[in-house]
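Worksheet: one structure, shown below.
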Amino acid sequence: MVPARAVSSAWNWWLLPVGVLVALIFLGFGFWLGWNLISERIAAQRLVAHVADASRIDDQVRRQRETNEALQREIDQARVALQGDVCRPEGFGQSPLTPPQITPMQPSSLPPTPQGQQAFTGTLIELLDQATVLVLGPLANGQGVGTGTGFVVAPGVVVTNAHVVAPLDPQRVYVVNRRLGRPIAVQVAAQTPDPAPGKPDFALLRLPADAPALSPLGLTRVASRLDPVIAAGFPQAIMQTDANFQALLDGNLRAIPELAVTDGLVSAVQNLPSGLTVMPHTAAISRGNSGGPLVDRCGRVVGVNTFGFFNAEQGERVSYAQKEDSLVAFLTANGVTVTELTGPCQPAAPAPQPASVPGGAAAPATTPPASPAAPPAPALP
């Protein structure tokens, strides 16, 4: 009997791969069919939706157009009104818009003429130009030059802030303006102690006897809210772009910067806890204005610009001047006699323009006699 032979089944090697392949085919077909169905449904949807009613939009556009037309009518009416008469309030003295360079000075706005000097004749800006001085000198620590402002209150006597001269070398303090022609060495005769904001802050400078004569400014206690005022001085915010100022600091004694003036109104008259009376005002001042005069439209000193308050977050800036009352007390205590002027400020009418002569040239104007030349002053370091 022959033994039976083992027979191998064909499922042993091809059944499993074929099954997997068939499953993959059906799975891929299912994905393809599902994707086509989803794509067709998305394409059939409307992607634009109505967000507003067209009629309501048209109505809003019409109302906005009517509002714009009404505003334009108001603007046209305001332009017509501006071409008419301008309100000129009484009781404020001269309008702040009147240029000070054409305002002639009245004798009642000036202190008595010092003996041996000629009475000042000229305009308000000319008075400020010759009576206001740049105070400067090397710092006592040898690290630069300090500057400030001062003004003449009596023959040969200049007032400034104590905090202007305190850091300077007391043996090398100078004053200069275009009338003086060059820096003149001065003596620091007196100053208030502890010149901190809110406390009396004055210094007294004496010019040498041979210095050119400068006409003093008048002093007055007459100052109240809304009075127009002018701050005169040499603020670094303006001087930083003046080539003459930089040249002077570099040692050119003939380079003299032009006096800077700003105008504003007295905001208030306040008594501080220290007893000092100050006047916040809106005439812009900055570092370098310290010690300079705050004058009314008649050129009378109503205060001494000393410090300012600035709030960067709120954009607030307030200028402060020590009122003239404190200055007079300081001068009296140091033997300087001044005459206080009284009465409201009533500036003269602007001076007429010079008449023209044939050919279009202006008629020649008279000029005041030139002051004697100043002796050579020691050079700044």
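The values are calculated or read from the model by the stated rules, or taken from the named source; none is laboratory data. All values reported here derive from a predicted model rather than from experimental measurement. All Cβ positions, glycine included, derive from the backbone under ideal geometry; neighbour counts span all protein chains shown. Areas reflect the complete protein model, heavy atoms only, side chains present, ligands, DNA and RNA absent. Shrake-Rupley method; radii C 1.70, N 1.55, O 1.52, S 1.80 Å.
Among the conditions (1) over 24 Å from Arg300 (Cβ atoms); (2) free of Cβ contacts under 8 Å to residues at least 60 places away in the same chain, the only one that Pro197 does not satisfy is (2). State whether one or more residues within the range 252-267 are more than 24 Å from Gly156 (Cβ to Cβ) and free of Cβ contacts under 8 Å to residues at least 24 places away in the same chain. Yes; the residues of the range 252-267 include at least one that is more than 24 Å from Gly156 (Cβ to Cβ) and free of Cβ contacts under 8 Å to residues at least 24 places away in the same chain. Of all the criteria given as (1) of a type outside the set (A, V, I, L, M); (2) open to solvent by 60 Å² or more (accessible area, probe 1.4 Å); (3) part of a strand (DSSP E or B), the one not satisfied by Ser319 is (2). Residues of the range 103-124 that are surrounded by fewer than 18 Cβ atoms within 10 Å (Cβ to Cβ) and not in a loop (DSSP other than H, G, I, E, B): Pro104, Pro107, Ser108. Annotation note: Cβ proximity below 6 Å between a residue of the range 110-134 that is closer than 29 Å to Gln246 by Cβ and a residue that is open to solvent by less than 30 Å² (accessible area, probe 1.4 Å) and among the aromatic types (Phe, Trp, Tyr) (sequence gap 6+ or interchain) occurs for Ala131/Phe151; Thr132/Phe151; Leu134/Phe234.
Contact map, the range 164-187: first residue closer than 17 Å to Gly233 by Cβ and among the hydroxyl-bearing types (Ser, Thr, Tyr), second residue open to solvent by less than 40 Å² (accessible area, probe 1.4 Å) and in a loop (DSSP other than H, G, I, E, B), Cβ cut-off under 8 Å, separation 6 or more or different chains; pairs are Tyr174/Pro183; Tyr174/Ala377; Tyr174/Leu380.
Restricting the search to strands (runs of 3 or more DSSP E) fully inside the range 239-316 and requiring at least 3 residues that are surrounded by 16 or more Cβ atoms within 10 Å (Cβ to Cβ), acidic (Asp, Glu) and at pLDDT below 95 gives an empty result. Out of the range 228-238, which residues are open to solvent by 10 Å² or more (accessible area, probe 1.4 Å) and of a type in the set (A, V, I, L, M)? Result: Ala237, Ile238. Applying a threshold of 7 Å to beta carbon distances and a minimum spacing of six or more residues, or different chains, the list of pairs starting in the range 228-249 at a residue that is touching a residue at least 12 places away in the same chain (Cβ under 8 Å) and ending at one that is assigned to a helix (DSSP H, G or I) and not aromatic (Phe, Trp, Tyr) reads Ile230/Pro100; Ala232/Leu128; Phe245/Met239. Determine which member of the set Ala209, Ala196 is assigned to a loop (DSSP other than H, G, I, E, B), surrounded by fewer than 23 Cβ atoms within 10 Å (Cβ to Cβ), in contact with a Gly (Cβ under 8 Å, 6 or more places away or on another chain) and of a type in the set (A, V, I, L, M, F, W, C). After applying the criteria, what remains is Ala209. With respect to (1) within 19 Å of Arg297 (Cβ to Cβ); (2) open to solvent by less than 30 Å² (accessible area, probe 1.4 Å), the lone exception for Arg225 is condition (2).
Among the residues of the range 216-235, those identified as in a loop (DSSP other than H, G, I, E, B) and either among the basic types (Lys, Arg) or in contact with a Lys or Arg (Cβ under 9 Å, 6 or more places away or on another chain) (or both) are Leu217, Gly218, Arg221, Val222, Ala223, Arg225, Asp227, Pro235. Scanning the range 146-191 for residues that are polar (S, T, N, Q) and surrounded by fewer than 20 Cβ atoms within 10 Å (Cβ to Cβ), we see that the one that is nearest to Gly218 (Cα to Cα) is Gln187.
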